Each structure stands twice: as structure tokens, then as C-alpha cells.
1. Could you go through the range 24-31 and let me know if any residue there is touching a Leu at 6+ places or on another chain (Cβ under 6 Å), over 26 Å from Pro67 (Cβ atoms) and touching a residue at least 60 places away in the same chain (Cβ under 8 Å).
2. Applying the selection to the range 81-132, what residues are among the small types (Gly, Ala, Ser) and either exposed (fewer than 14 other Cβ atoms within 10 Å of the Cβ) or out of contact with any strand residue (DSSP E or B) (no Cβ under 8 Å at 6 or more places or on another chain) (or both)?
3. Condition first: hydrophobic (A, V, I, L, M, F, W, C), touching a residue at least 60 places away in the same chain (Cβ under 8 Å), within 19 Å of Arg22 (Cβ to Cβ) and out of contact with any Cys (no Cβ under 8 Å at 6 or more places or on another chain). Can you find one or more residues in the range 79-87 that meet it?
4. Take the residues of the range 6-32 that are surrounded by fewer than 16 Cβ atoms within 10 Å (Cβ to Cβ) and of a type in the set (D, E, K, R): which is nearest to the chain's Cα centre (by Cα)?
5. Would you pick out the residues in the range 33-54 that are more than 19 Å from Asn92 (Cβ to Cβ) and open to solvent by 80 Å² or more (accessible area, probe 1.4 Å)?
6. Any chance the range 70-77 includes a residue that's open to solvent by less than 100 Å² (accessible area, probe 1.4 Å) and at pLDDT 90 or above?
7. Among (1) over 14 Å from Leu16 (Cβ atoms); (2) within 13 Å of the chain's Cα centre (by Cα), which single condition is Gln111 missing?
8. Taking Pro58 as the residue in question, decide whether it is open to solvent by 70 Å² or more (accessible area, probe 1.4 Å), in a loop (DSSP other than H, G, I, E, B), over 29 Å from Arg129 (Cα atoms) and modelled with pLDDT of 85 or more.
Amino acid sequence: MSFLDKPSWNLMERSLDASALRQKVVANNIANVDTPNYKRADVLFEELLQDQLNGSTPSIEGRRTDPRHFVIGQSTSLPNSEVKTDESTAINNNMNNVDMDYEMSLMAKNQLKYNTMIQQMNSEFKKLRTVLGGK
């Protein structure tokens, strides 16, 4: 059994992965702001997670400490991040749809989310260290 193999840790890990991917995608959008016919991309994670949480059959999953134990409830896996390209719009004469102000605000918002998740993980590590008798 691993201390880090819990749903909350897995969710934080997936959230950080999505945030890192979003940083790359937004940086790519900014780098291509003047590229003709370039279409901006975005990362979907929070929307997919919300859709999964709002599913028609909410269930509780029992925690298994051994792989030989029976599964209690439905096994829920976390969604993976998806990169989606917006092909439907064009805001420049060159058919590019990257808005620099919007991309910069997305980057700042993403940085805040990332920093919050890192602080949460540090807090969880501190609690774990305290439980194990460390300082």
C-alpha cells in the first residue's frame, strides 16, 4: 500500500499535469499569434472532470488496501486532459484566431491554479511528515 495512492493525490497529480499541458498550449498559441491560418488550442480537463462528477450514476467506491480485495462500488477513473482546437472563429485578417490579451489572461489564471495545487500538495506532504513523526 502506498500513502500516495489515494484519490485525492491522483486528482492533484492529474490537475498538475493538465496545468503543465495548458501552459505549453497557451505558450504555443502566443508564439503563433501572427501565423496565418493558425487556430488556437485549449486544454479541457476541468470540464471533463465536472462532466464525470455530474454523471447519471453517482457512486461511492470503496478503498482497497490489497489488489485481492473485492471492488466496492463502481471504479471511477479520472479523465485525461484533451487538447481542443477552435476551428470556428477568426479574429484577424489572416484567419488567425489568437487574441493576445485573452491568452495572457489564461496564462496568468493557469499560473494561479498551478501555484494553488503546489501549495495544497506541500500541505499534504507536511501533514504526512507530521504523522510519520518528522518535523
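The values are calculated or read from the model by the stated rules, or taken from the named source; none is laboratory data. This structure is a prediction, so every number in the text was calculated from the model and none was measured. Reconstructed Cβ throughout: ideal geometry from the backbone, glycine too, with neighbour counts over all protein chains shown. In case anyone asks, the SASA skips ligands and DNA or RNA and just uses the protein heavy atoms, side chains included. Shrake-Rupley method; radii C 1.70, N 1.55, O 1.52, S 1.80 Å.
1. yes
2. Scanning the range 81-132 gives Ser88, Ala90, Ser105, Ala108, Ser123.
3. yes
4. Only one residue tops the list, namely Asp17.
5. Answer for the range 33-54, where residues must be more than 19 Å from Asn92 (Cβ to Cβ) and open to solvent by 80 Å² or more (accessible area, probe 1.4 Å): Glu47, Gln50, Asp51, Leu53, Asn54.
6. no
7. Answer for Gln111: the failing condition is (1).
8. no
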